[in-house]
Amino acid sequence: MAYVVERKSLSLSERLYLPQIVAGMKVTLKHLFKPNVTLEYPDVRPAIPPGYRGVPTLVKDPNGREKCVSCQLCEFVCPPKAIRITPGEVPANQPDRAHVEKGPQAFDIDMLRCIYCGLCQEVCPEEAIFLQNTFSMTGYTRAEMVNDKAKLYELGGTLPDQHFKWDKKKAAEERGNPHH
Amino acid sequence: MSSAPAKPADLVTVNIDGKEIAVPKGTNVIEAAKLVGVEIPHYCYHPKLSIVGNCRMCLIEMGMPAVDPATKAPVMDAATGKQKINWIPRPQIGCGTNASPGLHVKTSSPMAREAREGVTEFLLINHPLDCPICDQAGECKLQEHSTAYGRGYSRFIEQKNVKPKRTQLGPRVTLDDERCILCSRCIRFSKEIAKDDVLGFIDRGSYSTLTCYPGKQLENNYSLNTVDICPVGALTSTDFRFKMRVWFLKQTPSIDTESSVGVNTEVWSREGVLYRITPRRNDAVNDTWLADSGRMLYKQVKADDRLLAPAIGGNSTGGDMALKAAADLLKAGSVAVVSSGRSSLEEQFLTKKLADALKTQASLVSRVGQGDRLLISSDRNPNVRGALVTGLISALPSQKLAGLAADIDAGKVKTVISVGEDLTAAGLTAAQLAKVSVIYLGTHNNATSAAAKVVIPTLTVFEKSGSFVNQQFRLQKFAKAVPGPAGVNDDLVTLAELVAAAGGGILPFALGQLWTQIAAETKVLAGLSHAALPATGHLLDASAWAGLPFCEGETLHFKPAAVPAAVNA
């Protein structure tokens with residue numbers, strides 16, 4: 001259905017053209033001397049706010065020991081099934097870890113599947129998996145997009161620990177049972 | 001599964017949480033409550049073991065109808081017009097309380113709840129926070145009841161007890177003593193069922209520790225049942241330890257193939273990989289037990305010597321080529337059929353059709369070992385009776401194929417088709433095998449597969465569905481737990497194609513259709529179907545084979561009809 005759009009006639013200043021140009025240049029000049037609002041990514045990286053959910057990583061405790069005990073709760077809770085763990089026994093030749101008994105043999109997170117929901121971090125009873133600051137994951141092949149255990153620890157680094165649960169356990173073991 | 005309906009005199013009416021129910025005399029309150037759909041939490045009670053009542057978790061409130069002590073007349077409650085109930089002022093244990101006429105029980109009254117909460121708090125005092133690394137997590141009774149009766153935080157500020165964490169009780173069982181809640185199920189099992197009384201508690205109070213008798217080990221062939229019945233993660237299977245969390249595993253009902261007892265099992269798998277085998281309760285066959293040897297059978301699936309590809313003359317080939325080569329050999333005539341007591345009833349039915357088409361009588365090889373009077377019988381074939389039922393054989397098999405050996409020597413046989421039997425182990429010499437063309441259908445490499453002209457790989461019991469007939473003539477079914485190796489056909493498909501090649505007509509190979517035919521052609525199986533078989537099996541009419549001298553001796557829930565024949569028969 002055709003209908004007629006009424007065209008307003010131009011005012012005098014509009015017909016003169018120059019006032020409009022001057023007004024436009026004023027806006028341009030104002031922004032020329034204002035501070036930048038854009039970042040020159042990737043040369044400049046944004047500051048990541050606390051609580052940001054980036055790439056999931058495995059962290060070590062302040063003594064550089066593996067925290068994950070491969071309880072597989074993250075694998076269970078992961079909505080897109082991105083996590084795959086092969087549980088294993090901690091070998092007896094690791095005196096500072098052997099009393100933990102269990103640790104992951106392999107730990108893979110498929111970043112093509114991961115939806116950055118953070119449920120793995122929330123469910124972890126050992127505070128071993130954290131979604132940290134890394135937000136950019138790229139790769140040329142599918143295999144490159146799967147983070148294995150070594151990569152996960154490299155990304156994760158070390159985070160402070162408030163509990164040292166297993167150290168307490170070991171201390172109790174060494175103190176022993178006074179009745180025995 | 002009580003066969004005869006109990007006489008009214010044997011039933012007593014009890015009232016559980018306001019519901020009246022008639023239960024057999026001698027039923028305890030836990031079992032009676034189960035019948036009305038109420039679960040009373042318990043740790044030490046086990047339906048197949050003696051009652052000790054030491055965990056105190058099943059505390060309930062109970063009362064009896066009031067009677068006047070002098071006149072024995074019922075005391076009526078004026079408010080309700082019913083007989084008054086005298087409630088006992090303290091909680092009682094449900095496992096040690098047997099149903100008596102008029103017994104009233106409150107399973108979740110404030111007193112019972114409070115009592116259980118107290119028990120739970122005491123149990124958790126010294127229990128380690130091991131759930132993330134504990135194999136029992138997910139099927140742990142303490143975990144389950146702690147969510148229902150625990151307070152969620154601990155008031156215990158003292159040091160927890162320290163006990164040995166990694167004791168090897170035996171070759172297959174690892175003990176974590178800190179997790180033990182001292183229910184003594186494992187001790188009672190060893191003493192009462194396995195008759196190998198090696199376990200016991202030492203020390204007192206919270207220092208009590210489960211240990212083996214000095215110089216002994218928990219090494220009997222039923223040791224892993226203690227792991228099954230352990231309500232917490234104290235006893236763990238060394239084989240399954242740290243392999244996989246149980247909530248990932250899928251359960252498939254199966255049958256133990258190591259002997260003719262036909263123990264009902266549960267096979268646990270994840271994504272096509274088997275992780276463990278546990279017993280499945282069947283009160284008519286195995287109660288809740290399974291031998292350790294039967295639990296290791298899953299390893300055959302991923303064994304190195306598994307046959308994975310069809311072969312002609314030792315060279316791998318395609319499935320169609322191998323079938324064609326086998327068909328050519330069958331068409332040439334003079335074929336002997338060796339069937340197996342390890343095949344399922346359906347396979348034996350098709351093997352019978354194959355033997356009929358080739359106008360020969362199939363032979364079977366018997367396997368006899370020492371029975372342990374519990375769950376391993378002396379007949380180590382799971383399905384010899386299936387062969388009798390399907391008519392594959394009419395007399396009991398012997399251990400050596402003497403008749404076939406004589407026929408080969410006499411030149412009467414040109415081709416031997418073996419459905420899963422190692423002919424060398426059955427008494428044929430390498431020279432005899434060299435004289436004939438062997439078609440071997442089997443799961444693993446052996447001397448026969450090495451000597452065979454045509455090898456067609458088949459599936460293990462975990463990779464197919466079917467049924468076995470056990471020593472009681474109980475027809476029991478098993479289901480496919482994991483897919484077979486790529487390129488390996490279902491055994492029924494292979495056999496149906498061989499029957500067709502031998503001129504026996506087109507037979508169905510899908511279980512449903514095949515069973516229509518089996519039920520139509522076999523008298524004792526009339527009206528049955530694989531799909532409708534109950535989980536506990538179906539007892540067949542065995543009168544036709546009553547006179548046969550079966551070799552089995554007495555085992556759990558089985559008494560041989562006649563005197564067992566000599567073991568070397």
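The values are calculated or read from the model by the stated rules, or taken from the named source; none is laboratory data. Predicted model, so just to flag it, every value in this text is computed and none were measured. Cβ coordinates were reconstructed from backbone atoms using ideal geometry, including for glycine residues, and neighbour counts include every protein chain displayed.
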Checking A:PRO87 against (1) touching a residue at least 40 places away in the same chain (Cβ under 8 Å); (2) surrounded by 15 or more Cβ atoms within 10 Å (Cβ to Cβ); (3) in contact with a Ser or Thr (Cβ under 8 Å, 6 or more places away or on another chain); (4) under 29 Å from B:SER237 (Cα atoms), the condition it does not meet: (1)
Test: residue in region A:151-169 that is under 12 Å from A:PRO56 (Cα atoms) and without any contact (Cβ under 8 Å) to a residue 60 or more places away in the chain: yes
Failed condition for B:MET321, given (1) outside any loop (DSSP other than H, G, I, E, B); (2) crowded, with 21+ Cβ neighbours inside 10 Å: (2)
Answer from B:GLY94, B:GLY102 - the residue that is at pLDDT 95 or above and surrounded by 12 or more Cβ atoms within 10 Å (Cβ to Cβ): B:GLY94
Counted residues, region B:281-296 - those being part of a helix (DSSP H, G or I) and either of a type in the set (Val, Ile, Thr) or out of contact with any helix residue (DSSP H, G or I) (no Cβ under 8 Å at 6 or more places or on another chain) (or both): 2
Residue list for region A:97-114, filter: under 30 Å from B:PRO164 (Cα atoms), surrounded by 14 or more Cβ atoms within 10 Å (Cβ to Cβ) and away from chain B (no Cβ under 11 Å): A:ARG97, A:PHE107
B:PHE468 out of contact with any strand residue (DSSP E or B) (no Cβ under 6 Å at 6 or more places or on another chain) and either closer than 18 Å to B:THR257 by Cα or of a type in the set (Ser, Thr, Tyr) (or both): no
Selected residue (only one of B:GLU158, B:GLU144 is more than 14 Å from chain A (Cβ to nearest Cβ) and among the acidic types (Asp, Glu)): B:GLU144
Among (1) surrounded by 11 or more Cβ atoms within 10 Å (Cβ to Cβ); (2) hydrophobic (A, V, I, L, M, F, W, C); (3) without any contact (Cβ under 8 Å) to a residue 24 or more places away in the chain, the one test that A:VAL69 misses: (3)
Residue tally, condition assigned to a loop (DSSP other than H, G, I, E, B) and on the phi < 0 side of the Ramachandran plot, over region B:425-451: 8
Pick from region B:220-243, criterion in a loop (DSSP other than H, G, I, E, B) and in contact with a Lys or Arg (Cβ under 6 Å, 6 or more places away or on another chain), ranking: nearest to the other protein chains (Cβ to nearest Cβ): B:PHE242
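If you check B:ASP256 against the conditions, is it of a type outside the set (A, V, I, L, M), under 20 Å from the mean Cα position of the chain (by Cα), farther than 24 Å from B:CYS134 by Cα and more than 14 Å from every other protein chain (Cβ to nearest Cβ)?
Yes; evaluated as a whole, the condition is true for this residue.
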Options B:LEU396, B:LEU392; residue that is in a loop (DSSP other than H, G, I, E, B) and either without any contact (Cβ under 8 Å) to a residue 60 or more places away in the chain or small (Gly, Ala, Ser) (or both): B:LEU392
Residue within region A:59-68 that is closer than 25 Å to A:ASN147 by Cα and either in a strand (DSSP E or B) or more than 33 Å from the chain's Cα centre (by Cα) (or both) present: yes
Test for A:GLY24: is it farther than 30 Å from B:ASP135 by Cα and either of a type outside the set (A, V, I, L, M) or in contact with a strand residue (DSSP E or B) (Cβ under 9 Å, 6 or more places away or on another chain) (or both): yes
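Name every residue in region A:72-84 that is in a loop (DSSP other than H, G, I, E, B), surrounded by 13 or more Cβ atoms within 10 Å (Cβ to Cβ) and more than 10 Å from every other protein chain (Cβ to nearest Cβ), in order of residue number.
Matches in region A:72-84: A:CYS78, A:ALA82.
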Filter pass, A:GLY88 being among the small types (Gly, Ala, Ser), more than 18 Å from A:LYS151 (Cα to Cα) and at the interface with chain B (Cβ under 10 Å from one of its Cβ atoms): yes
Of the criteria (1) in a loop (DSSP other than H, G, I, E, B); (2) without any contact (Cβ under 8 Å) to a residue 60 or more places away in the chain; (3) touching a helix residue (DSSP H, G or I) at 6+ places or on another chain (Cβ under 9 Å), which one A:ASP108 fails: (1)
Residues of region B:195-219 satisfying the condition of being assigned to a helix (DSSP H, G or I) and surrounded by fewer than 11 Cβ atoms within 10 Å (Cβ to Cβ): B:GLY205
Check on B:GLU497, within 19 Å of the chain's Cα centre (by Cα) and charged (D, E, K, R): no
Subset of region B:105-139 [in a strand (DSSP E or B) and either touching a Cys at 6+ places or on another chain (Cβ under 6 Å) or buried (at least 21 other Cβ atoms within 10 Å of the Cβ) (or both)]: B:VAL105
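Tell me, which residue of region B:78-91 that is charged (D, E, K, R) and surrounded by fewer than 12 Cβ atoms within 10 Å (Cβ to Cβ) is farthest from B:ALA33 (Cα to Cα)?
Only one residue fits best here, namely B:LYS82.
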Filter result (in contact (Cβ under 8 Å) with a residue 12 or more places away in the chain and of a type in the set (Phe, Trp, Tyr)) within region A:119-147: A:PHE130, A:PHE135
Unmet requirement for B:ALA148, which otherwise passes all of (1) aliphatic (A, V, I, L, M); (2) touching a residue at least 60 places away in the same chain (Cβ under 8 Å); (3) surrounded by 14 or more Cβ atoms within 10 Å (Cβ to Cβ); (4) touching a Ser or Thr at 6+ places or on another chain (Cβ under 9 Å): (3)
Some residue of region A:15-26 being under 30 Å from A:GLY88 (Cα atoms) and surrounded by 10 or more Cβ atoms within 10 Å (Cβ to Cβ): no
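Residue by residue, here is whether (1) assigned by TED's automatic domain parsing to the domain that holds B:LEU492; (2) in a strand (DSSP E or B); (3) under 27 Å from the mean Cα position of the chain (by Cα); (4) at pLDDT below 95 holds:
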| position | (1), (2), (3), (4) |
| --- | --- |
| B:VAL338 | yes, yes, no, no |
| B:LEU354 | yes, no, no, no |
| B:PRO382 | yes, no, yes, no |
| B:LEU388 | yes, no, yes, no |
Selection from region B:151-169 of residues that are surrounded by 15 or more Cβ atoms within 10 Å (Cβ to Cβ) and either under 30 Å from the mean Cα position of the chain (by Cα) or of a type outside the set (S, T, N, Q) (or both): B:LYS160, B:VAL162, B:LYS163, B:PRO164, B:LYS165, B:THR167, B:LEU169
